[in-house]
Amino acid sequence: MRWMLLTLGLLAGPALAQTPPPAAAQVQQVQQDPLKTGVQLYALGRYEAALSLFERAVKENPGNPDALYWLARAQLKMGLLNPALENAKGLVARNPRYIGGYMVLSEAYVALYRASEDKEKGKAYLEQALSVLRDAEKVNPRYPPLFAQRGLVYALLGQMDKAEEAFKKALALEDTPEVRSALAEVYLASGKLDEALDQYAKAVALAPKNQDLRVRYASALLLKGRPEAAAQVLEEGHKLKPLDAEGWYTLGQAYLSLGRHKEAGVALENAVALAPLRFPAAYYYLGQVYLALGDAAKAKNRLTVAVRLEPKKPEYRYLLCLANEKLGDKEGARYQCQEALKLKPGYKEAEEVLKRL
């Protein structure tokens with residue numbers, strides 16, 4: 001049975017790309033086994049299509065717990081939280097020895113917590129999730145996903161010691177990169193950077209082609225002040241699988257920290273080409289890159305975008321001030337430095353520029 005652990009840094013998972021419709025052979029398979037095909041579509045991220053197949057599977061075989069389990073999972077993906085909750089409750093009531101029912105029911109409570117506007121009141125959902133997991137432990141006390149889910153719930157409650165204990169129990173039963181990564185994020189939240197780096201390293205060793213893990217590991221290495229190691233982690237990953245936007249963005253930061261400005265420029269331009277609005281700071285870093293390379297015009301172009309996307313960042317405006325100054329645009333430089341001072345009174349660097357303009 002497939003299960004999913006949402007790690008702490010992914011409070012809302014990105015949508016998967018749409019995939020083409022099934023081939024003719026698959027259509028015949030749908031007619032024969034809607035549940036099996038629905039699971040395949042679910043794995044591809046085609047949750048709406050999977051949902052209709054799971055509904056059909058439940059209608060054709062209402063006593064099949066797997067069909068109801070997957071229906072509830074698909075409903076959660078589609079944001080149908082209350083129907084998912086009711087189906088999960090029914091699944092547990094009718095099949096008290098079926099561990100998947102408890103897992104999807106706990107996921108439903110977590111989803112309701114995430115959707116709640118008042119997170120303090122919403123914590124009642126997390127307590128219900130813990131109660132469900134305690135019942136699940138009576139059914140199967142050695143089911144690794146149970147303890148991983150418990151770790152997530154404790155982390156959402158801010159109880160990091162208990163989250164760590166639960167994740168370690170999950171790892172003792174089954175060592176997976178997903179749980180290693182989740183434990184690493186617990187350590188990050190607890191300020192234990194070295195322990196987080198150790199877990200990320202082990203997670204990457206288990207799943208070397210997982211680009212998301214490599215980005216998280218590299219980001220932690222940058223926090224530790226190890227840009228060379230961060231760059232190496234991402235370069236190795238790129239050989240296995242081309243970097244995505246976040247990978248290029250993180251690699252660009254590593255190169256910039258190392259003073260490798262041309263390489264940083266290439267990486268950051270790739271990031272903004274792939275995701276123009278996702279990383280406003282990438283335009284700021286590109287401004288730094290082009291100023292270091294002596295290309296004030298390109299610096300101004302990228303910094304203008306940075307300021308447009310995040311107008312209340314004084315450091316963005318200060319750097320745009322410098323670019324304008326180098327281009328001989330004193331009025332533009334003066335305006336940006338004045339705006340920077342409004343946002344950050346006493347900004348010495350901006351004051352120095354204004355004195356010489």
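The values are calculated or read from the model by the stated rules, or taken from the named source; none is laboratory data. Bear in mind the structure is a predicted one, so any value in this text is a computation, not a measurement. Neighbour counts run over all protein chains shown; Cβ positions are idealised from the backbone, glycine included. Only protein heavy atoms, including side chains, enter the accessible area calculation; ligands, DNA and RNA are left aside. Shrake-Rupley method; radii C 1.70, N 1.55, O 1.52, S 1.80 Å.
Taking K and R as +1 and D and E as -1, what net charge do the other residues with C-beta under 14 Å from the C-beta of Glu164 add up to? Before the final figure, lay out the partial values.
On the way: positive: Arg150, Lys162, Lys168, Lys169, Arg180, Lys192; negative: Asp161, Glu165, Glu185, Glu195, Asp198.
Net of charged neighbours comes to +1.
In the chain, a dipole from Cβ-located charges (positive for Lys and Arg, negative for Asp and Glu) runs towards its positive end, and of Leu293, Gln149, Ala50 it is Leu293 whose Cα lies farthest in that direction.
Placing dummy labels 7 Å off each Cα toward the beta-carbon, the span from Lys168 to Lys239 is 3.5 nm. How many percent of all Cα-Cα pairs in region 178-311 sit more than 22 Å apart? Considering region 178-311, 39 percent of its Cα-Cα pairs are separated by more than 22 Å.
Give me the accessible area per residue for the chain, probe 1.4 Å, as a whole number in Å². Working shown, then result.
Values: 17760 Å² over 357 residues.
Heavy-atom SASA per residue in the chain reads 50 Å².
Quick check of the Kirkwood formula: for region 156-243, what is the inverse mean of 1/r over all pairs of different Cα atoms, in Å? Numbers along the way, then the final one.
On the way: mean 1/r = 0.0762 Å⁻¹.
One over the average 1/r among Cα pairs gives 13.1 Å for region 156-243.
Residue ranges 126-137, 238-249 sort as 126-137, 238-249 when ordered by packing (mean number of other C-beta atoms within 10 Å per residue, highest first). Alpha-carbon geometry of the chain: the Rg and the Dmax are 24.9, 80 Å, given in that order.
Rounded to the nearest 500, what is the chain's calculated 222 nm mean residue ellipticity when only DSSP H runs of at least 4 contribute -39500 (n - 2.57) each, over all residues?
Details: 20 runs with 269 residues, N = 357.
-24000 deg cm²/dmol, from helical runs alone.
When both region 272-333 and region 131-168 are represented by their alpha-carbon centers, they are found 46 Å apart.
Shape of region 304-357 from its Cα gyration tensor (a ≥ b ≥ c, root eigenvalues): rounded if a/c is under 1.5, otherwise prolate when a/b > b/c, or oblate? Oblate is the answer for region 304-357, as a/c is 1.5 or above yet b/c matches or exceeds a/b.
Step through the table entries Lys77/Lys209; Lys192/Lys344; Lys239/Lys312; Lys241/Lys313; Lys121/Lys224, compare each Cα-Cα distance with 29 Å, and write down the pairs that go over it. Those over the limit are Lys192/Lys344; Lys239/Lys312; Lys241/Lys313; Lys121/Lys224.
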